[in-house]
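Below: one structure, written as structure tokens.
The values are calculated or read from the model by the stated rules, or taken from the named source; none is laboratory data. From a predicted model like this one, the values you see are computed outputs, not experimental measurements. Counting neighbours? That spans all protein chains shown, and the Cβs are built from the backbone with ideal geometry, glycine included. Protein only, heavy atoms only, side chains kept; ligands, DNA and RNA dropped before computing areas. Shrake-Rupley method; radii C 1.70, N 1.55, O 1.52, S 1.80 Å.
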Amino acid sequence: MRRHSGLFAVGLLAVAPASLQAQARPRSHTHTYYIAADTITWNYTPSGTNQISGQPFDSVERTFVEPGGATIGHVALKAIYREYTDSTFGTLKARPAAWEHLGILGPLLRAEVGDTIRVVFHNNLGFAASMHPHGVSYTKASEGAPYAAGKGEEALTGNAVPPGATHTYIWPVPERAGPASGDASSILWMYHSHVKEGQDPSTGLLGPIIITARGMSRPDGTPKDVDREFVVAFDEIDEASSHYLMTNLRRYAIHPESAQVAMVFALPQVVPPPVGQFNFKETLNGFMYGNGPLPTMRVGERVRWYLMASTGFEIHSPHWHGNTVQIAHMRTDVTALLPMGMVVADMVPDNPGIWLFHCHLSNHLRMGMQSRYEVRPVSAR
Ligand SMILES: [Cu+2]
């Protein structure tokens, strides 16, 4: 299942010069992004408390947010995609306030059907990385995934950009990358590193793409029939599958020399619970227990939620309290996400308040895959 109809938004990117933005949108546009893969220190719970309960973490929650014998707590080294202002990759491009909720996700890439996305990608990591997009069109030079393809194309630089190297990906956006007849005016795709598929997304290399139907974008790229957009990744991050597992355990676990650690090192993919499970971070955009920015909207606005999942052994059950959504022309307040699933849900909230938005799988809920959103009355400032 995926997507649906109706909604407008908040300012984002738009690489068109100001003179063009002031006029009608050009028929076809190339959107250029400068994106680097960078190592950062990430905090899954920056407030230090459970924002959902309004209380300190309880004894169960602490096992997921505090370091243990062979488990990483709420802080870990991650590799993420970040946007820069130009090809020198010297100045980070500030994330607009409306998109701060993306958290650990890479920058939002946008285009309208007929446009082209051009990404100048620079790898600041100590290992090879790539950008592999879903949905949009690409040649082998811009696929970002190394495998035997029969023509020697597995050796192309874009498949696995070495540390310190730069590669430009070109992704045209044909009709088949845009909304189909049953879709809304915009749909979600994603991009992620695909060099070591089992490790790269768990290390943090994942981001969203929104494609709008032809003629349905404002000059800033947002869909004309939507007032507000949110992208939420039900992102189960398996720290046992991260490129930085050993570094993180050495830095952030209490007894990295323990026998359990040896087991983690030897079998990072098959560590049984509880050791493996405790290095799972059940997050929304990299935040646990409601620690991300609070998505905020007003009664009556046309709100579009874009939901996605990551690459683990994942099943998620996103549930909005307080209001309903339409997904694929059907009304619901719960939907389903399988690994790398993508769903578009449209909401016109009629019920003001602060409401829970969470995964309904009980273990994910308990492990922190919870957030809230706020609906303000029409008259509120
Ligand atoms: Cu879940």
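On a straight-distance basis, which lysines could pair with LYS140 in a cross-link, Cα separation under 20 angstrom, same-chain partners fewer than 8 positions away excluded?
LYS151, LYS196
Using Cα positions and a limit of under 13 Å, work out the aspartates and glutamates in reach of LYS93, with same-chain residues fewer than 8 apart set aside.
Partners within reach: GLU83.
Over segment 18-376, what percent of the accessible surface lies on carbon and sulfur atoms, probe 1.4 Å? Before the final figure, lay out each step's value.
Working: 7700 of 13670 Å².
Here carbon and sulfur together make up 56 percent of the probe-accessible area.
Of the chain, which part is the longest with no chymotrypsin sites (Phe, Trp or Tyr not before Pro) in a loop (DSSP not H, G, I, E, B) and with at most 13 other C-beta atoms within 10 angstrom? Please report the intermediate quantities before stating the final value.
Working: sites that count: TYR147, PHE313.
The answer is 148-312.
Any chance you could look up the accessible area of GLU112 with a 1.4 Å probe, heavy atoms only, rounded to 10 Å²?
10
Under the rule a/c < 1.5 gives rounded, and otherwise a/b versus b/c splits prolate from oblate, where does segment 115-242 land using the Cα gyration tensor? Present the calculation step by step, with values, prior to reporting the outcome.
Numbers: a/c = 2.16, a/b = 1.52, b/c = 1.42.
Note, shape of segment 115-242 comes out prolate.
HN-Hα J couplings of segment 340-347 from phi, Karplus 6.51/-1.76/1.60, θ = phi - 60°, integer Hz, Gly and Pro as x?
Each residue of segment 340-347 in turn: 6, x, 9, 9, 10, 10, 9, 10 Hz.
Collect residues whose amide H, placed 1.01 Å from N in the peptide plane, falls under 5 Å from the amide H of MET190; neighbours closer than 5 in sequence don't count.
Residues meeting the criterion, in which the H sits 1.01 Å from N, are HIS134, ILE209.
Keeping all protein chains in place and using 1.4 angstrom, which order do ARG110, ARG250, ARG62, ARG82 fall into by accessible surface area, from largest down? Walk me through the intermediate numbers first.
Working: ARG110 0, ARG250 150, ARG62 95, ARG82 70 Å².
Order by accessible area, largest first: ARG250, ARG62, ARG82, ARG110.
Please list ARG176, ARG218 in order of solvent-accessible area, largest first, computed with a 1.4 Å probe with all protein chains present.
ARG176, ARG218
About the Cα centre, and with charges only on the beta carbon of Lys, Arg (+1) and Asp, Glu (-1), how big is the dipole of the chain? Nearest 20 debye, please. Mind showing how you got there, number by number?
Values: 30 positive and 32 negative charges, 150 e Å.
Here the chain has a charge dipole of around 720 debye.
Just for the chain, what percent of DSSP beta bridges are antiparallel, to the closest 5? Could the numbers behind the result be given before it?
Numbers: 57 of 79 bridges.
Once the DSSP bridges in the chain are tallied, antiparallel ones form about 70 percent.
Considering only protein heavy atoms, what is the solvent-accessible area of GLU154 at a probe of 1.4 Å, reported in Å² to the nearest 10?
The accessible area comes out at roughly 80 Å².
Percent of Cα-Cα pairs more than 25 Å apart in segment 18-376, please. Before the final figure, lay out the partial values.
Working: 34651 of 64261 pairs.
Pairs farther apart than 25 Å: 54 percent.
Rolling a 1.4 angstrom probe over the protein chains, ignoring ligands and nucleic acids, what is the accessible area of LYS281 in square angstrom, nearest 10?
0
List, in order, the whole-Hz ³J(HN,Hα) value for each residue of segment 106-119 obtained from phi through the Karplus relation with A = 6.51, B = -1.76, C = 1.60 and θ = phi - 60°; use x for Gly and Pro.
Working through the residues one at a time gives x, x, 6, 9, 9, 6, 10, 3, x, 7, 9, 9, 10, 10 Hz.
Enter the accessible area per residue of the chain (Å², integer; probe 1.4 Å; all protein chains in place). Numbers along the way, then the final one.
On the way: 14870 Å² over 381 residues.
Per-residue value: 39 Å².
Remind me, relative contact order of segment 18-376 in percent, using alpha carbon pairs under 8 angstrom and six or more residues apart?
Values: 892 pairs, mean separation 66.0, N = 359.
Over segment 18-376, the number comes to 18 percent.
Sorted by accessible area (1.4 Å probe), largest first, how do GLU66, GLU374, GLU282 line up? Before the final figure, lay out each step's value.
Numbers: GLU66 85, GLU374 40, GLU282 0 Å².
Highest to lowest solvent-accessible surface, that is GLU66, GLU374, GLU282.
Give a residue-ordered list of calculated ³J(HN,Hα) values for segment 120-133 (Karplus: 6.51 cos²θ - 1.76 cosθ + 1.60, θ = phi - 60°; whole Hz; x for Gly, Pro).
8, 10, 10, 9, 8, 8, x, 9, 5, 9, 8, 10, 9, x
I'd like the trypsin sites (Lys or Arg not before Pro) in segment 114-165 restricted to DSSP loop residues with at most 10 other Cβ atoms within 10 Å, sorted by number.
When the trypsin sites (Lys or Arg not before Pro) of segment 114-165 are filtered for loop state and at most 10 Cβ neighbours within 10 Å, LYS151 remain.
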